[in-house]
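Read the structure below first, then the notes.
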Amino acid sequence: MIRVRFAPSPTGYLHVGGARTALFNWLLARREGGVFVLRIEDTDAERSSDEMVDGILQGMRWLGMNWDEGPDVGGAHGPYFQSQRFDRHRAAAEQLVATGHAYYDFTPPEQYDEARKAAEARGEVWRYVRGEWALPDAEAREHASNGTPRAIRFKVPEGRTAFTDLVKGPVEFDNSVIDDFVIVRRDGLPIYHLSVVCDDVDMAITHVIRGDDHVSNTPKHVLLFTAMGAPVPAFAHVPMILGPDKKRLSKRHGATSVLEYKAQGYLPEAMLNFLALLGWSPGDDSELHSIDDLIARFALDGIGSASAVFNTEKLDWVNSQHIMRMDTRELARRVEPFLRDAGLWDDAYTGARQEWFCAVLDLFKTRAKRLPEFVERGRPFFADVTEYDAAAQKKLWAAPETRDLLTALADRLAAVAPFDPPTIEPVVRALADERGAKATALMQAVRLAVSGSSASPGLFEMMTLVGRDAVLARLRRAAAHLS
Ligand code: GLU
């Protein structure tokens with residue numbers, strides 16, 4: 001049974017890189033019928049906050065990456081907040097001392113400070129040497145039993161440490177490059193390496209999929225797993241995500257928090273599709289995938305070893321494709337929050353006027369990159385038009401006869417039945433003909449009157465959906481505006 005975990009530190013929001021790491025874990029679990037654990041690594045009390053935890057959970061929920069064990073849902077291996085597991089980590093460290101894999105270090109911090117400073121003054125880098133400051137056995141035993149403050153250090157064995165990374169291939173380190181590292185600080189705080197391994201053991205994690213900034217930590221982790229007598233999980237270190245300038249993706253490149261993408265109107269399924277392709281390939285050059293499709297096709301050996309480049313145009317394209325393919329009634333649910341925020345929502349859009357609302361969305365569906373475009377471009381459908389684009393006015397309403405044409409058109413359109421493109425179009429063309437005006441010029445003038453701008457979907461479709469009463473009122477308002 002595959003058990004994977006996503007282990008974010010809540011020192012920031014869920015960012016794109018974290019979400020992609022989470023996704024690879026989630027996809028593997030879903031593909032293999034395994035378990036996806038969410039563990040919050042809130043061990044840095046000063047930099048972690050409930051707000052960040054909340055943001056991470058929200059981001060995960062928005063993307064639909066549900067967890068089988070973790071915050072809110074619980075599970076048999078909890079608690080799932082690392083800070084609530086410190087006692088367990090300390091007990092594991094004591095166990096390592098008892099089995100000879102770790103030892104107490106009573107050296108006062110000042111002694112380390114001095115040694116570091118002295119080395120620095122000599123232009124050297126200070127290195128810890130096991131036993132250098134070891135106390136005589138009797139003294140050490142006494143300190144051990146009377147609670148003298150002590151750190152606990154892991155006793156790095158001689159030899160080499162090797163593991164096979166499922167992305168990078170075989171990795172091997174000479175243990176001599178690893179000093180006896182601290183696993184519990186003098187103040188009793190367990191160190192990350194101990195906590196993460198201890199939790200992975202306790203949560204029976206079989207595959208550790210994480211960012212490749214952790215590769216250099218992994219030998220320490222392998223040594224700890226082994227010393228604890230636990231099976232070493234499989235590792236897959238995922239290459240980092242770069243910005244278009246090939247530098248590590250950061251704020252400089254734009255939004256990095258997943259929830260910012262939600263706010264900008266990306267669909268979660270498009271985001272997942274896009275994130276999956278940042279470093280993973282299905283083995284062919286297909287680019288559009290539903291979530292079910294990703295689950296069906298995901299495999300760790302599809303993760304490449306080269307860094308992936310985050311390209312916003314690609315994301316926009318993937319999003320537009322998902323929008324285009326989405327059932328319009330579902331799309332309506334996704335657009336709703338944006339219309340609400342703009343104060344343009346009407347409950348009838350999911351009730352009596354649902355069909356009308358979907359017809360409006362259909363006008364833009366094949367061209368929209370992001371959801372707010374339905375608000376911007378749909379505005380003349382969802383609200384009255386009382387203002388006109390200034391540049392368009394100058395250009396499209398310049399002819400002196402415009403006012404009379406708009407009024408005449410309103411009069412004629414009052415009588416056509418039904419009110420739809422095949423009946424409206426000939427009326428507009430006939431009027432232009434009779435008055436010696438250009439049909440296209442009249443249409444442009446009408447477009448501005450009905451939509452407030454020079455850009456709109458097909459004029460006659462728009463007029464039909466805006467409805468006769470509103471169209472007549474807007475034509476007359478524009479005429480009044482021109483007098
Ligand atoms: N909490 C660590 C981080 O956010 C992840 C540790 C791990 O995945 O092993 O970088």
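Every number here is computed from the coordinates shown, using simple stated rules; none is lab data. Owing to the predicted nature of the structure, the values given are computational and were not obtained by experimental measurement. In this analysis, Cβ positions are derived from the backbone assuming ideal geometry, glycine residues included, and neighbour counts consider all displayed protein chains.
How would you classify the chain from its alpha-carbon gyration tensor, with a ≥ b ≥ c the square roots of the eigenvalues: rounded for a/c under 1.5, else prolate if a/b is greater than b/c, otherwise oblate?
The shape class here is prolate.
In degrees between 0 and 90, to the nearest 10, how far off the longest principal axis of the chain does helix 86-98 point, with axes built from Cα atoms?
Between the helix axis and the principal axis of the chain, the angle is about 30 degrees.
Output the relative contact order of the chain, whole-number percent, from Cα pairs under 8 angstrom with separation of 6+ residues.
Averaging sequence separation for qualifying contacts and normalising by length gives 12 percent for the chain.
What FRET efficiency, computed as 1/(1 + (r/R0)^6) with R0 = 41 Å and r the Cβ-Cβ distance, is obtained for Gln354 and Asn311, rounded to the nearest 0.05?
0.65
Select from Val375, Ala119, Gly351 the residue farthest towards the positive end of the dipole of the chain; place +1 on Cβ of Lys and Arg, -1 on Cβ of Asp and Glu, and compute about the Cα centre.
Most positive-ward Cα: Val375.
Nearest 500 deg cm²/dmol is fine: what mean residue ellipticity at 222 nm does the chain get from its DSSP H runs of n ≥ 4 alone, each adding -39,500 (n - 2.57), divided by its residue count?
Dividing the helical sum by the residues of the chain leaves -14500 deg cm²/dmol.
Determine the sum of side-chain charges near Phe36: Lys and Arg each +1, Asp and Glu each -1, restricted to other residues whose C-beta is under 12 angstrom from that of Phe36.
+2
Please count, across the chain, the pairs of lysine residues with Cα atoms under 17 Å apart that sit 8 or more places apart or on different chains.
Eligible lysine pairs with Cα atoms under 17 Å apart amount to 7.
May I ask you to compute the full-extension gain from Glu330 to Leu482, defined as 0.36 nm times their residue separation minus their alpha-carbon distance, rounded to one decimal in nm?
Fully extending the segment from Glu330 to Leu482 adds 50.6 nm.
Quote the relative contact order of the range 85-238 in percent (integer), defining contacts as alpha-carbon pairs under 8 Å separated by 6+ residues.
Once normalised by length, the contact order is 25 percent.
If you take the beta carbon distance between Arg185 and Ala162 as r and set R0 to 35 Å, what does 1/(1 + (r/R0)^6) give as a FRET efficiency, to the nearest 0.05?
0.75
Would you tally the net charge around Tyr104, using a Cβ to Cβ cut-off of less than 13 Å, leaving Tyr104 out, and scoring K and R as +1, D and E as -1?
+2
Counting other C-beta atoms within 10 Å, which of Met324, Met443 has the fewest, and how do the rest follow?
Met324, Met443
Which of Ser145, Ser453, Ser83 comes first, and how do the rest follow, when ranked by fewest Cβ neighbours within 10 Å?
Least to most surrounded, the residues fall as Ser145, Ser83, Ser453.
Using θ = phi - 60° and the Karplus curve 6.51 cos²θ - 1.76 cosθ + 1.60, what whole-Hz ³J(HN,Hα) does each residue of the range 150-165 get, with Gly and Pro shown as x?
8, 8, 10, 10, 7, 8, 5, x, 6, x, 10, 10, 10, 8, 9, 8
Counting only C-alpha contacts under 8 Å and six or more residues apart, can you give the relative contact order of the range 390-481 as a whole percent?
In percent, rounded to a whole number, it is 41.
Quick check on packing: order 44-52, 299-307 by the mean number of other C-beta atoms within 10 Å, highest mean leading.
Highest to lowest by the protection proxy: 299-307, 44-52.
Mind jotting down the distance between the C-alpha centroids of the range 22-75 and the range 386-462, whole Å?
The range 386-462 and the range 22-75 have Cα centres spaced 55 Å from each other.
Quote to one decimal, in nm, the extra length available between Asp44 and Asn217 on full extension: 0.36 nm per residue of separation minus the C-alpha distance between them.
60.5 nm
Given a Förster radius of 45 Å and the C-beta distance between Arg116 and Asp347 as r, what FRET efficiency does 1/(1 + (r/R0)^6) yield to the nearest 0.05?
0.10
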